[in-house]
Amino acid sequence: MTNRIAETSPPTYARVAGFGLLIMTIFTLFAEFYVLQRLTVPEDAATTANNIMANEMLFRSAI
């Protein structure tokens, strides 16, 4: 009696990895170009810290 285990093909793994990279790219663009621009103030650390404390969920979403 033999049991065959269904194996996932390499193209399926490649599709999953490609989809993961696409999602990571979208999240990176959101964090860098939306969150970073809204929270940071160049050469003013106090205002940047206040912005981060005031928008904690936005900051956490970027992380």
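The values are calculated or read from the model by the stated rules, or taken from the named source; none is laboratory data. Everything numeric here is computed off the predicted structure, so don't read it as measured data. All Cβ positions, glycine included, derive from the backbone under ideal geometry; neighbour counts span all protein chains shown.
The set of residues in the stretch 11-63 that are of a type outside the set (D, E, K, R) and outside any helix (DSSP H, G or I) comprises Thr40, Val41, Pro42, Asn55, Ile63. When Glu43 is tested against (1) under 29 Å from Leu58 (Cβ atoms); (2) at pLDDT below 90; (3) loosely packed, with under 10 Cβ neighbours inside 10 Å, just one condition goes unmet, and that condition is (2).
Can you find a residue in the stretch 51-63 that is of a type in the set (Ser, Thr, Tyr), at pLDDT 90 or above and either in contact with a Pro (Cβ under 7 Å, 6 or more places away or on another chain) or surrounded by 10 or more Cβ atoms within 10 Å (Cβ to Cβ) (or both)?
no
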